[in-house]
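First up is the structure itself, then whatever we jot down about it.
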Amino acid sequence: MSGPSDGRLAIIAGRGLLPLHLARAARIEGENPFIVVLADEADHRFDDFETISVGVGNLAAIEKAFRDLKIGRVVMSGGVARRPEWRDIRPTFKTILKMPSVVRTLMSHGDDTVLQMVIKLIEAMGCTVIGAHEIAPGLLARSGPLGSVSPAGDDLRDIARGTEAALTLGRLDIGQGAVSVGGRVVALEGVEGTDAMMLRVADLRREGRISTRRRGVLVKLCKPQQDMRADLPTIGPSTVENAVRAGLAGIAVEAGRALVLEEQAMIAAADAAGIFVCGIEPALENGGLQ
């Protein structure tokens, strides 16, 4: 694992709780993380940390801060709802010649390709990009049931079907999640994200488009080609809340490659609602559950 001797750590913070969890975890390990707060994206405060607020496309300001503060390692965390328009990009000298390909990628490629481009741009600043799991390995999902409820019967079939759908979706660089009800895939995650997809499932359930007799499962996996340094699947208490609203029996995430935030609160909420949360290994038959 890298540490302070590899240069100061910077955390690029989008929306959600993950950036704050990483900042606190890094401080516990003796780091003094610098937080790059993405304007109009980050939705939590970092009052106890040194920060800079910049637009998503302001590469020049980010590079200057990294150079001035001798940043050696960078972790990308949190969601970004809006891709920058080409007019919003403030390039560094090194990226000026790459601007045509940067614009083409933003306009016509999936999230995984865009993230690979961002990693390369950060590395061109002389920094090493590392994964969130390298800062807080304890956030990685464990294999098997995380709470007191375990999947069984129809749940296992839905996990297997949802796993197949999520992997296919990931190969197309579209999303990471799928919902299967009664062995039938009823929703696939797009650019709207997992929570919005489950709210859509809840609406379909109320409209009678999805059976009320069968509950179903959310499966959330890494894309097969996904770089572990960015955009790992993440669940937490809000995921459980939305699964309950959607009438689901449980949630399955990829063990060792998905992040679990506020695990104790999430498990308590799942147990109280009578739904399961489990880590699966999608390479194995039935999604890694026997």
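Here are a few things to note about the model shown:
- Any hit, the stretch 44-63, residues being acidic (Asp, Glu), modelled with pLDDT of 75 or more, outside any helix (DSSP H, G or I) and surrounded by 16 or more Cβ atoms within 10 Å (Cβ to Cβ): no
- Residue count, the stretch 114-142 (criterion: part of a loop (DSSP other than H, G, I, E, B) and in contact with a helix residue (DSSP H, G or I) (Cβ under 7 Å, 6 or more places away or on another chain)): 4
- Any hit, the stretch 168-184, residues being more than 16 Å from Glu241 (Cβ to Cβ), β-branched (Val, Ile, Thr) and not in a loop (DSSP other than H, G, I, E, B): yes
- Where Arg142 falls short, out of the listed (1) under 30 Å from Ala23 (Cβ atoms); (2) under 18 Å from the mean Cα position of the chain (by Cα); (3) buried (at least 16 other Cβ atoms within 10 Å of the Cβ); (4) at pLDDT 90 or above: (3)
- Condition met for Arg142 (of a type in the set (Lys, Arg) and within 30 Å of Ile28 (Cα to Cα)): yes
- Annotation: Ala230 fulfils all but one of (1) under 12 Å from Val181 (Cα atoms); (2) in contact with a strand residue (DSSP E or B) (Cβ under 7 Å, 6 or more places away or on another chain); (3) surrounded by fewer than 24 Cβ atoms within 10 Å (Cβ to Cβ); the unmet one is (1).
- Neighbours by Cβ (under 9 Å, 6+ apart or cross-chain): first from the stretch 41-62, without any contact (Cβ under 8 Å) to a residue 60 or more places away in the chain and over 12 Å from Ala13 (Cα atoms); second surrounded by 15 or more Cβ atoms within 10 Å (Cβ to Cβ) and of a type in the set (S, T, N, Q): Ala60/Thr92; Ala60/Thr95
- Check on Thr95, at pLDDT below 95, surrounded by 18 or more Cβ atoms within 10 Å (Cβ to Cβ) and outside any strand (DSSP E or B): yes
- Failed item, numbered, when Gly247 is tested on (1) in a loop (DSSP other than H, G, I, E, B); (2) at pLDDT below 95; (3) of a type outside the set (D, E, K, R); (4) surrounded by fewer than 21 Cβ atoms within 10 Å (Cβ to Cβ): (2)
- Among the residues examined, Arg214 qualifies as in a loop (DSSP other than H, G, I, E, B) and at pLDDT below 95.
The values are calculated or read from the model by the stated rules, or taken from the named source; none is laboratory data. Keep in mind that this is a model prediction, so the values were computed, not measured. Because the Cβ atoms are built from the backbone with ideal geometry, glycine has one as well, and the counts that use them run over all protein chains shown.
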